[in-house]
Structure formats: C-alpha cells, structure tokens
Amino acid sequence: MKALVFKLLALLVLVSVAQAQDLKIIKFSEAKKLFENKEALFLDARGEKLFKRGTILGSLNLPVNRFQKSIAFLPNDKNAKVVSFCNGFKCEKSDELAHLLQKAGYTNVLVYKGGYPEWKEKSMPLMALKTETAEPKVEETKGQKYQAKGTTIYLGQDKGMIDQFWFEKVVLNDLPKNIQLVDIRKAKDFKEGHIKGAVNATWDSKTEKIDISKISDDKIIVFYCNTGMQSAEAALSLKNRVGKDVFYFDANVTCEKNNCKVEANENL
C-alpha cells in the first residue's frame, strides 16, 4: 500500500512539473492588447544583431545564451507578465526562453509565436538602432577577398561572416566551386524546402553540437538558416573545432521546395 502511495505521489509530482513547463501561446490580437495596455514586458529572444535591426517597441533583448547574465534586468516580481518572441512561427528561441523564465520562477510567461515578422507586417510600433528608409540598399563594393580550398570568396564586416551582398547574388545560380552550403535547420524544415545543393546538418544550440561527418575538409563551409541568427552562432562556435574555413550567411532565406528567395541583411 505504501509503495502504491509513493508511486501516486511521484506521478503527481511529474504531472505538476510537466504542467509547469507547458507554454501559453498567444496570437497577435492578444499580444497587441497587452502591448497597447502596457500590461506585459516583451522579451526578444533573437540575437543582438537582429534586435538592433528592428524589434517590437520597448522590448528587451534577452537571447537564450545570455539568459544568466541578463536575468538581473528582469522584473523582481515573479508574477509580472512577460511575453517571449523571436523571428516568426518556426523560430524556437521564444519557446526556449519561456522555459528558462519558468525555471527562474516566473509564473505569467506568454509566447507570441508570430514574433517580429508578424508584428512588422501588421504595421505595429517598432524600434531599431538603424532607421530603415524607402530607398533601396546600395552595396557596390565587395568585402576583403579570401582565397582557400581552391576558391575565392569575399568576407563580411563581422568575424566569420561571408560578404552577404556578394553571396546573395551567387548562392542560387552561380555558387563558386569548392563551397559546401550547409543548412543547419531541423530535418523537417530542410525537407520542406532548401537551397539547391545544400546538405542538412542540424545545429543543436543547447549542446553546441552539429554532425561534422557531413562537413567536408576540402571545401569552404557556409552555414545558413532562415535569418542568419543560428548560422552565426554555429559558425562562430565551430570555427576553432572544425577549422577556420567555416563561415555564415547573414540573410533571410525562405524556400518552398527548391524555389528559394534570399535577402541579405544590412550591415550595422
């Protein structure tokens, strides 16, 4: 009888823990209401570069990998409403951040899955370090030339970055030889659509691991994802382990099967 009681108690504990980890997903209408009534703190789970390019007005940048360092900026009241968001419905950083917030004791954690792209599409208030203009971007000059593995590429302004404006023009139709394009998203996302010729090697941001068996030693490696956020994280983390010829493509990439559109992110 005692054994049965203990088993039931253990089960109740497991159920309560599981329930505590459930995420409350909100739609745009609820996020809009919370924003306009100033009822919640919005937390941008994306990387700093994307945050600076544009985010929900008044939000705080809190990437998952900086959570412990930034927790001091969060409200002392653990019952305060907080809304986690990132780069759209397929971005899982908002979920990861929400789980971390729950573990830290916050009881009113909401996840706005539409995130920054939907907020921008709905013409809601935004803020950015660099103000966007209606004029088309002009990037005539290429970055520093870099030669390795029998090919030539051009470097972007940041460490580990390929020149995104040059690469935007060649990646779909005129990819230089000896460049291996690696899609680091999940297998299901890769199957839904990817750049022709790319291989899939999913990046696990929690363990900072990737299947390097799919990465060729005799080619320049270029990582890409949907926004450049995770590819930057992966490339910079693996550079010392895999080799210096690992770069990331800082761009928005959307694909339906092999029909892809790429748009280079602007420099800051």
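The values are calculated or read from the model by the stated rules, or taken from the named source; none is laboratory data. Owing to the predicted nature of the structure, the values given are computational and were not obtained by experimental measurement. These accessible areas exclude ligands, DNA and RNA; they are computed on the full protein's heavy atoms, side chains included. Shrake-Rupley method; radii C 1.70, N 1.55, O 1.52, S 1.80 Å.
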Leaving out ligands, DNA and RNA, and with a 1.4 Å probe, what % of the accessible surface on the chain is carbon or sulfur? 53
For Val64, the accessible surface traced by a 1.4 Å probe with all protein chains present amounts, in square angstrom to the nearest 10, to 40
Heads up, I need the accessible area for Met127: 1.4 angstrom probe, whole protein in place, Å², nearest 10. 60
Under a 5 Å amide H to amide H cut-off, with H placed in plane at 1.01 Å, what residues pair with Phe42 once short-range neighbours are removed? Leu60, Val83
Compute the Cα gyration tensor for segment 28-92, then decide on rounded, prolate or oblate, letting a ≥ b ≥ c be the square roots of its eigenvalues: rounded whenever a/c is under 1.5, prolate when a/b is larger than b/c in the other cases, and oblate in all that remain. oblate
Given only helices, namely DSSP H runs of n ≥ 4 each adding -39500 (n - 2.57), what is the per-residue ellipticity at 222 nm of the chain, to the nearest 500 deg cm²/dmol? -9000 deg cm²/dmol
Accessible area, probe 1.4 Å, largest first, for residues Arg66, Arg53, Arg241: Arg241, Arg66, Arg53
Most fluctuating residue of Phe73, Phe167, Phe51 in a GNM of the chain with Cα springs under 10 Å: which is it? Phe73
Between the Cα axis of helix 93-103 and the main Cα principal axis of the chain, the angle (0 to 90°, nearest 10) is 30
The chain, relative contact order in percent, only Cα pairs under 8 angstrom and at least six apart counted: 14
Along segment 30-44, Karplus-curve 3J(HN,Hα) (6.51, -1.76, 1.60; θ = phi - 60°) to the nearest Hz, with x for Gly and Pro, reads 6, 4, 4, 5, 4, 5, 5, 8, 6, 9, 8, 8, 8, 10, 8
Return the whole-Å distance between the Cα centroid of segment 45-60 and the Cα centroid of segment 190-249. 23
Lys49 - accessible surface, heavy atoms, 1.4 Å probe, Å² rounded to 10: 60
For His194, His99, give the ranking by accessible area with the largest first, probe 1.4 Å. His99, His194
Among rounded, prolate and oblate, which fits segment 210-268 when a ≥ b ≥ c are the square roots of the eigenvalues of its C-alpha gyration tensor, a/c under 1.5 means rounded, and a/b larger than b/c means prolate? oblate
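Where both partners of a DSSP beta bridge lie in the chain, what percent of those bridges are antiparallel, to the nearest 5? Can you show the working numbers first?
On the way: 14 of 40 bridges.
Bridges in the chain that DSSP calls antiparallel: roughly 35 percent.
At 1.4 Å probe size, put Glu30, Glu233, Glu192 in order of accessible surface, largest to smallest.
Glu192, Glu30, Glu233
Excluding ligands, DNA and RNA, what is the solvent-accessible area per residue of the chain at a probe of 1.4 Å, expressed in Å²? Numbers along the way, then the final one.
Details: 15260 Å² over 268 residues.
Per-residue accessible area for the chain comes out at 57 Å².
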